[in-house]
Amino acid sequence: MAYSEDHIALAAEYALGTLDAEERAQVETMMAADREFTAIVQAWEYRLGSLNQMVGSVEPRPIVWENIKSAIGHSTEPQAPLLLPEAPRPPIVPVMIEQAPAAPPDGNVIQLAGRVRRWRNLASAATAVAAALVAMLALQVYQPDLLPEAIRSKPRTQLVEVKTPAPPLSAQYVAVLQKDAGSPAFILTVDAETKNFTVRKVGAQPEPGKSFELWLISDKLPQPRSLGVIGAADFTARPVLSSYDANTINAATYAVTVEQAGGSPDGKPSSAPIFTGKLIETVPPVAPR
């Protein structure tokens, strides 16, 4: 149902409490018969209710009541009549005055006056609500603890996802360790970033009581450096290249010797290498997109 401006103003005044008894009875009758109009009244009560929540009760000072009692007692005391000398009265001349009957008030004027009063009260209420909202917003920003718990703004938590770019893919190097042009005996793979290496056993098998040991041979080093014994499993992974720089790792020759079980006891190869090879780059580094 579409409601006129008068209906809306009437609902606002009812919530504000400025109607007289007859108008309040009219509004309550409309609320009992019309649920939509009841919702309009309740909406105004909710808007104006924030004013009541923000204003606390104030106990008047005792002197106020004393002043009221004193004023009431003073107004009830009998006053002595003031006697003035009686002036001579003029002679009374009877005059006949014909009075025209009073015209009844125009209904449109009464309706317009009521409408003006309602909209004036509504404008005052809207101004008070606006001022209260401004004050409430200021308190929420600067002093939220002064607001009642019911209208205090709740903190909001927002999750922000920060995407970390993936690290660039490091280059991969491989060396085929073999004897002359024969079949490969081992495949050595080195990661350029971590400097970890993996040795894959392809076809070589040590003699009973012997072990294969991997060596790094470089012109920058006075003698071959042991990279450890190659295990009996198909793959052997080690991190021992981390102590060497990239140029040494990439330019070195990798060799495998046959040592006693457990490897060379003095850290030096006890025999000539039987399988050798050099690293070549198989996968170049890839920067993230």
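The values are calculated or read from the model by the stated rules, or taken from the named source; none is laboratory data. On a predicted model such as this, the values are computed, not experimentally measured, just so you know. Because the Cβ atoms are built from the backbone with ideal geometry, glycine has one as well, and the counts that use them run over all protein chains shown. Surface accessibility is based on the protein's heavy atoms, side chains included, excluding ligands, DNA and RNA. Shrake-Rupley method; radii C 1.70, N 1.55, O 1.52, S 1.80 Å.
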Quick one: what are the phi-derived ³J(HN,Hα) couplings along region 248-263, Karplus 6.51/-1.76/1.60 with θ = phi - 60°, whole Hz, x for glycine and proline?
5, 5, 6, 8, 6, 9, 10, 10, 10, 10, 9, 10, 5, 4, x, x
Extension reserve of the Glu23-Glu207 stretch, reckoned as 0.36 nm per residue once the Cα distance is removed:
54.8 nm
Packing-based order for 228-238, 6-16, using average beta carbon neighbours within 10 Å, highest first:
6-16, 228-238
In whole percent, and with a 1.4 Å probe on the protein chains, what portion of the accessible area of region 215-289 is carbon and sulfur?
57 percent
Cα-based shape type of region 222-273, given that a ≥ b ≥ c are square roots of the gyration tensor eigenvalues and the cut on a/c is 1.5:
oblate
